[in-house]
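The values are calculated or read from the model by the stated rules, or taken from the named source; none is laboratory data. All figures in this text were calculated on a predicted structure; none of them were measured in a lab. Cβ coordinates were reconstructed from backbone atoms using ideal geometry, including for glycine residues, and neighbour counts include every protein chain displayed. Note: areas computed on protein heavy atoms with side chains; ligands, DNA, RNA excluded. Shrake-Rupley method; radii C 1.70, N 1.55, O 1.52, S 1.80 Å.
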Amino acid sequence: QPSVVFDNVVFGYEPDRGILKGLSFEVPAGQNFAIVGPSGAGKSTIARLLFRFYDPQQGRILIDGQDIAEVTQASLRAAIGIVPQDSVLFNDTIGYNIAYGRSDATQDDVEAAARGAALLGLIDRLPQGYATEVGERGLKLSGGEKQRVAIARTLVKNPPILLLDEATSALDTRTEQDILATLHRVSENRTSLSIAHRLSTIADADRILVLNEGRLAESGTHGELLRID
Ligand code: ADP
Ligand code: ADP
């Protein structure tokens, strides 16, 4: 698994308004880290920089020791799987929704994707019948079910890095806890970065980084940070 490093990253959407003001952190290979911070702190900006939707004005971002500015867009996308807050599903079958991302997916791929998701325990917990009914339409699913399909869609590509951007923020508390437990399980053998605005909405993390005013304000384990509060 790769490590993820932000090395003194400076970034603003407008030149005179910095969002990240020299942000440095390292997620060691295979570890699950979280970033929390108030709304507007720049958490999603970190995700956008990782995907190179934007490039930093200063500093470097490294994956597995390699500057992402020197990596092809295709290998960057293969390395990072994202689970966003509001996953958009096609009005098509669950199998197709999971296999999406591979535009050349055949019917066999679609069925294999659905079976893979069931093996991961992602879709066998949908209402009865869903695990086998690859034909069920995506748009009929509840928020939590949609997120399961979205997680499966990301995992089917087996990305070494998982980026969870407010992945459970749109869900009710009970569904959220359920999905957090699932995310914790599937993050186990990957490097992961979970972005959230509250401590309670991140899966168990090896370390939590607190972002404030464009820099790291604090970092520690869940227990350590609660003591600071
Ligand atoms: P968070 O995810 O922590 O809520 P964001 O990274 O989305 O914060 O945004 C950080 C700041 O950057 C906010 O003040 C936001 O308004 C601003 N911002 C986000 N996207 C853009 C953009 N495309 N152009 C200009 N400002 C932006
Ligand atoms: P693909 O392999 O199909 O390119 P990706 O895993 O790169 O898929 O991205 C899945 C979807 O999430 C794409 O539609 C992409 O545009 C979207 N996406 C990528 N980065 C972000 C982000 N930071 N926030 C929200 N959505 C994103």
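Would you please list the contacts, defined by Cβ atoms under 9 Å and residues six or more apart or on different chains, that run from a residue in the range 50-75 that is under 22 Å from Glu14 (Cβ atoms) to a residue that is open to solvent by 80 Å² or more (accessible area, probe 1.4 Å) and within 16 Å of ligand 2 (Cβ to nearest atom)? Every condition considered, the pairs that remain are Phe51/Gln73; Phe51/Arg77; Arg52/Gln73; Tyr54/Tyr13; Tyr54/Arg48. Scanning the range 47-61 for residues that are surrounded by fewer than 19 Cβ atoms within 10 Å (Cβ to Cβ), more than 12 Å from ligand 1 (Cβ to nearest atom) and hydrophobic (A, V, I, L, M, F, W, C) returns a single hit, Phe51. Within the set Ser44, Ser75, the sole residue that is modelled with pLDDT of 90 or more and closer than 22 Å to Ile179 by Cα turns out to be Ser44. If you check Leu20 against the conditions, is it at pLDDT 95 or above, closer than 24 Å to Ala217 by Cβ, of a type outside the set (S, T, N, Q) and surrounded by 21 or more Cβ atoms within 10 Å (Cβ to Cβ)? Criteria met by Leu20.
Can you name the residue in the range 170-229 that is open to solvent by 60 Å² or more (accessible area, probe 1.4 Å) and among the acidic types (Asp, Glu) and is also nearest to Val9 (Cα to Cα) among such residues? This residue is Glu213. The numbered conditions (1) modelled with pLDDT under 90; (2) within 16 Å of ligand 1 (Cβ to nearest atom) are all true for Leu120 except (2). For Gln1, the criteria (1) open to solvent by 80 Å² or more (accessible area, probe 1.4 Å); (2) in a helix (DSSP H, G or I); (3) closer than 27 Å to Ser200 by Cα hold in every case but one, which is (2). Pairs needed: first member in the range 30-46, open to solvent by 20 Å² or more (accessible area, probe 1.4 Å); second member anywhere, near ligand 1 (Cβ under 9 Å from one of its atoms) and at pLDDT below 95; C-beta distance under 8 Å; at least 6 residues apart or different chains. Taking only residues 6 or more apart or on different chains, the pairs are Pro38/His197; Ser39/His197; Ser44/Asp165; Ser44/Glu166; Ser44/Ile195.
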